[in-house]
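The values are calculated or read from the model by the stated rules, or taken from the named source; none is laboratory data. Model, not experiment: these values are computed from the prediction. When we count neighbours, we look across all protein chains shown, and the Cβ atoms used for this are built from the backbone with ideal geometry, even at glycine. We work out accessible area using only protein heavy atoms, side chains counted, and drop any ligands, DNA or RNA first. Shrake-Rupley method; radii C 1.70, N 1.55, O 1.52, S 1.80 Å.
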Amino acid sequence: REDPHERQGGAVEREGKAQSEHGRILRFCGVAFAPLLLAAAQGPGGLLATLRFENAGEARPAGFPITTAVPFAAGVLRDPAEVGFDVPGEAEALERYRDGSIRWLRVRVLPPWTALRSAFVELRRGGKRPALPEEPFAEIPPLTLVLEDLNGVERSAVLRAEDLHRTEAGELREVWRGSAVHRGSAEPAALFSADVFVERFRGVPFLFVEVC
């Protein structure tokens, strides 16, 4: 099952397809900064795909990784380690064909954004990848979650880093999960608990926190 917290282009929707002398050319669209697959897989040592990231805003995008999924024809790719990037990135197999080759490859990259409106990232066979950012992941501080009902009564919960467990570990992105128990100031018993997901990226000085 796909991670529901992959928000940077993790879910893609088929828009159309065409044919070329090299094989299929697939066009995909999705959420903001979702990539457009421009080229199908080439021969050994060549170009596997070119990803195009679109910026619909007026400001240059923040420098955190973008995640998407890239499809391949049967037999084209078998090991994510074969995939190289022209920017820092990482890849893993999401789904495979019956012959063991990769059908869907999850790709996480740091687009260059040398232009305001679009950025291109090439995926090439060979496994060469630029060095990852030297900056570490941001520390997870104690989190205080406060809920206020319609009568103005507040119920709070405190979640510390040691209360979280890591559910996804990557070179560029991590996801941590924990449960926060809410209590009212005049209510000694726990009322309910909430699932908390903390997402952090290498070299990014802030966190994404989602409460469910």
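Residue by residue through the range 174-183, note down the ones that are open to solvent by 30 Å² or more (accessible area, probe 1.4 Å) and either in contact with a Lys or Arg (Cβ under 9 Å, 6 or more places away or on another chain) or not in a strand (DSSP E or B) (or both).
Trp176, Arg177, Arg183
Of the numbered conditions (1) in a loop (DSSP other than H, G, I, E, B); (2) open to solvent by less than 70 Å² (accessible area, probe 1.4 Å); (3) in contact with a Leu (Cβ under 6 Å, 6 or more places away or on another chain), Ala91 satisfies every one except a single condition; which is it?
(1)
Somewhere in the range 150-173, is a residue under 30 Å from Gly57 (Cα atoms), in contact with a Ser or Thr (Cβ under 9 Å, 6 or more places away or on another chain), modelled with pLDDT of 85 or more and outside any loop (DSSP other than H, G, I, E, B)?
Yes - at least one qualifying residue is present in the range 150-173.
Inside the range 123-148, can you point out the residues that are touching a residue at least 40 places away in the same chain (Cβ under 8 Å), outside any strand (DSSP E or B) and farther than 14 Å from Gly203 by Cα?
Gly126, Gly127, Lys128, Arg129, Pro130
Can you tell me which residue is nearest to Arg106 (Cα to Cα) among those in the range 49-67 that are assigned to a loop (DSSP other than H, G, I, E, B) and small (Gly, Ala, Ser)?
Gly63
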